[in-house]
1. Condition first: open to solvent by 70 Å² or more (accessible area, probe 1.4 Å) and under 16 Å from the mean Cα position of the chain (by Cα). Now tell me which residues in region 1-11 satisfy that.
2. Enumerate the pairs (first residue in region 104-119 and under 16 Å from Leu202 (Cα atoms); second residue anywhere and part of a helix (DSSP H, G or I) and open to solvent by 30 Å² or more (accessible area, probe 1.4 Å)) with beta-carbon separation below 6 Å, excluding pairs fewer than 6 apart on the same chain, so at least 6 apart or on different chains.
3. Please state which one of Ala126, Ala122, Ala70 is open to solvent by less than 70 Å² (accessible area, probe 1.4 Å), at pLDDT 80 or above, of a type in the set (Gly, Ala, Ser) and not in a loop (DSSP other than H, G, I, E, B).
4. Could you say whether any residue in region 28-40 is of a type outside the set (Gly, Ala, Ser), at pLDDT 80 or above, buried (at least 21 other Cβ atoms within 10 Å of the Cβ) and under 14 Å from Leu162 (Cα atoms)?
5. Of everything in region 41-67, what is touching a Leu at 6+ places or on another chain (Cβ under 7 Å), in a loop (DSSP other than H, G, I, E, B) and surrounded by fewer than 18 Cβ atoms within 10 Å (Cβ to Cβ)? Give them in sequence order.
Amino acid sequence: MAVIVALGAFLMTLAGGWTAQRVTDRRHLVLGLAGGLMLGVVGLDLLPEALHAAGEEVFGVPLALLLFVAGFLVAHLVERLLAVRQAPHGGSDGAGHGHDHGGRVPQVGLVAAAAMVGHSLADGVALGVAFQVGGGMGVAVALAVLTHDFADGFNTYTLTRLYGNDRRKALMMLFADAAAPVVGAASTLLFTLPEEPLGAYLGFFGGALLYLAAAEILPEAHHEHPALSTLMCTVGGVAGIWLVVGLAD
């Protein structure tokens, strides 16, 4: 049953990526929505789940929060080390030529998309474990996975393209993200991932995802189009994830 639901997640992820691809003529709205979806996923889904799963404290601070901050800092350090922003945002090089992608390194987009794939893989594992616990738990997790995998597909395609990767690579990462829940759910037929490592991973991934949303996607969305419609897309993305989380509970 978990694998069957994961196949539905496969289709939902592709639908999210297809939507992101089709609305490229409204790029600022796509990025505004993606930033809102990512903020909602981190604050309303990943972080609460990480705190629940990896609840132990280290020197008075929950391990999940420490890893959340570590994920944020690692994403920032990677950006600095790879010189993602080689010039001021919207600036030009010494010859007066503009930077099409703000000096971003395409490999960073691929790494970010790969992290989304890892998240989707964890979704599939969580789905399989939930059905092992019981049918009611499985249905609740299935609802959550199916609905927010649309956002995962949307974000995976958007992140890959934002950093200057071509459409072929973006589609490759999208298909990998779509297949990940199926692989994760099928893997639970062979083993079960302990709750604590899963919570630790979600905390770290949430911090990295928040950095990408706050430092890259949202500033890019509002740079050339500081319109109310862009802001409303961001708010709508957060509200959409809130609705998903509420229905899943």
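1. Those that are open to solvent by 70 Å² or more (accessible area, probe 1.4 Å) and under 16 Å from the mean Cα position of the chain (by Cα): none in region 1-11.
2. Every condition considered, the pairs that remain are Val117/Ala176.
3. Exactly one of Ala126, Ala122, Ala70 is open to solvent by less than 70 Å² (accessible area, probe 1.4 Å), at pLDDT 80 or above, of a type in the set (Gly, Ala, Ser) and not in a loop (DSSP other than H, G, I, E, B), namely Ala70.
4. Yes, region 28-40 has at least one match.
5. Glu56
Residue-by-condition table, conditions (1) open to solvent by 30 Å² or more (accessible area, probe 1.4 Å); (2) over 20 Å from Glu79 (Cα atoms); (3) touching a Ser or Thr at 6+ places or on another chain (Cβ under 8 Å):
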site	(1), (2), (3)
Val183	yes, yes, no
Leu198	no, yes, no
Phe205	no, no, no
Ser229	yes, yes, no
Met232	yes, yes, no
Gly237	no, yes, no
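The values are calculated or read from the model by the stated rules, or taken from the named source; none is laboratory data. Quick caveat, the model's predicted, so the values are computed rather than measured. Positions of Cβ are backbone-derived with ideal geometry, glycine not excepted, and every protein chain shown enters the neighbour counts. Remember, those area values only see protein heavy atoms, side chains included, never the ligands or the DNA or RNA. Shrake-Rupley method; radii C 1.70, N 1.55, O 1.52, S 1.80 Å.
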